[in-house]
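Please read the structure below before turning to the comments.
Readers should treat all values here as calculations from the given coordinates under stated rules, not as data from a laboratory. Please read these numbers as outputs of a predicted model, since none were measured by experiment. With ideal geometry, Cβ positions are generated from the backbone for all residues, glycine too; neighbour counts draw on all protein chains shown.
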Ligand code: AMP
Ligand code: MG
């Protein structure tokens, strides 16, 4: 058996960053920027008024000073004259500040009669002007790799980037295996259960940036598994669920081997999730996850998500391990690294007493996986532990 860290690095060796494709800006949210992208203009492209008011020369701005209004500048409509001594231009937010002016007095501080204005309140020291290029300049970059959020899309739009280079989405094929499984909504016979892992993993991996194909459930026969593998053709990562341990009906290892899988490892010293196999099959990475619902989801979190990340271009990403103090004691851990379902509170972290790897209700309640190293001794309230946030 190998350690979780070793398994993770072997799994990462099975995948490589995917090529770039260009998508329209409107389709870029949630995608991963794969090349640095440079602004195609300055923003603002001109010195712009930040307020509604009057533009004039700062040297002339003082309480009770009077000016003649010689024109107007509104957003999208520049004033094309020059502001001279004793003159002002009516200006609105977003309008270019006219030549000759370098100060905007806000309209609340002005009284106006016809074309004459007087500064009637202390105008303050702010010029109320946004400098040309004050937000960003031509050539300012958004650096790759970066998962694009709504906020980034807004910035790229302002930069006039209408198409965006992103990493191709990793294609993942998910294969549930087992004679006992039916799809949600189907009517199970009394000895059957609903396939859950595929749905949880699909949601998880799509959130991580993958395109997930859910293949038909494979039955516990070599023929059915072989068909399932053939349907996975073209995927970057093939993930099977169940059938990976040593029972009479656990055929995934055998079938994958017969199809020519180059095995990287089998079995990891972790709880939950010991029977995990991985390798390369027909040009794709292949990971065989254990069938127990919690094991499958925890392995997805710990192993599959980093593989997706690497394919998206995050090559040196380390797990986001955080620390918190225990609000409930822990008994000594056994020989395997244990990922315990736990809840966070403002005071710290507490693991659930029951860690049965078939209990999805507890996984759904958990917001963290508390990490216990192999042979970690009993821990008391107040001691610090490591965890991953779910
Ligand atoms: P296996 O690894 O095939 O022996 O499966 C271990 C346990 O996980 C068994 O109780 C299976 O019924 C269950 N199981 C396997 N695959 C799934 C799945 N896709 N969804 C829910 N439970 C599953
Ligand atoms: Mg099975």
Checklist outcome for this item: Rounded to the nearest 10 degrees, the helix 222-231 long axis (Cα) sits at an angle to the longest Cα principal axis of the chain of 20 degrees
Item to check | Ranked list, fewest to most other Cβ atoms within 10 Å of each Cβ, for 106, 194 | outcome: 194, 106
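Using the per-residue mean of other Cβ atoms lying within 10 Å as a proxy for protection, in what order, highest first, do the peptides 162-168, 60-66, 322-328 fall? Mind showing how you got there, number by number?
Values: 162-168: 19.4, 60-66: 13.3, 322-328: 15.4.
Those peptides, ordered most packed to least, come out 162-168, 322-328, 60-66.
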Checklist entry - Once the Cα atoms of helix 197-207 and of the chain are each reduced to a long axis, what angle between those two axes, in degrees from 0 to 90 to the nearest 10, is obtained? => result 30 degrees
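Would you mind ranking 345, 176 by Cβ crowding within 10 Å, fewest neighbours first? Don't jump to the answer; show the numbers that get you there.
Values: 345 10, 176 26.
So the residues, fewest neighbours to most, are 345, 176.
Computed from the mean reciprocal separation of all distinct C-alpha pairs, what Kirkwood hydrodynamic radius does segment 9-83 have, in Å? Before the final figure, lay out the partial values.
Values: mean 1/r = 0.0539 Å⁻¹.
By the Kirkwood definition, the hydrodynamic radius is 18.5 Å.
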Checklist entry - Using alpha carbons only, how many degrees (0 to 90, rounded to 10) separate the axis of helix 4-13 from the longest principal axis of the chain? => result 70 degrees
Checklist entry - When you take every Cα atom in segment 81-205, what is the radius of gyration, and what is Dmax, the widest Cα pair distance, in Å? => result 30.3, 92
Next on the checklist: Largest first and in whole Å, what are the equivalent-ellipsoid semi-axes of segment 134-238 based on the Cα gyration tensor, each being the root of 5 times an eigenvalue?
Outcome noted: 43, 15, 8
Checklist entry - Dimensions of segment 1-146 along principal axes (Cα, Å, largest first)? => result 86, 29, 22
Next on the checklist: In Å, what Kirkwood hydrodynamic radius results for the chain from the alpha-carbon pair distances?
Outcome noted: 25.4 Å
Checklist outcome for this item: Footprinting proxy, 42, 191, 6: sorted fewest to most Cβ within 10 Å, the residues are 191, 6, 42
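Please list 275-281, 148-154 highest first by mean number of surrounding beta-carbon atoms within 10 Å per residue. Display every interim value, and only then the final one.
Details: 275-281: 22.1, 148-154: 13.6.
In descending order of packing, they fall as 275-281, 148-154.
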Checklist entry - So what does the Cα-only Debye profile of segment 321-389 read at q = 0.14 Å⁻¹, as log10 I(q)/I(0), no solvent term? => result -0.36
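Fully extended, how many nm does the chain gain between residue 325 and residue 222 (0.36 nm per residue separation, minus their Cα-Cα distance)? Could you put the intermediate results ahead of the total?
Values: separation 103, 0.36 × 103 = 37.08 nm, distance 4.84 nm.
Going from the current span to full extension adds 32.2 nm.
Could you state the orientation-averaged shadow area of the convex hull built on the Cα atoms of segment 48-130, in nm² to one decimal?
Values: hull surface 17.5 nm².
Averaged projected hull area, Cα only: 4.4 nm².
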Checklist entry - Using the per-residue mean of other Cβ atoms lying within 10 Å as a proxy for protection, in what order, highest first, do the peptides 353-364, 304-315 fall? => result 304-315, 353-364
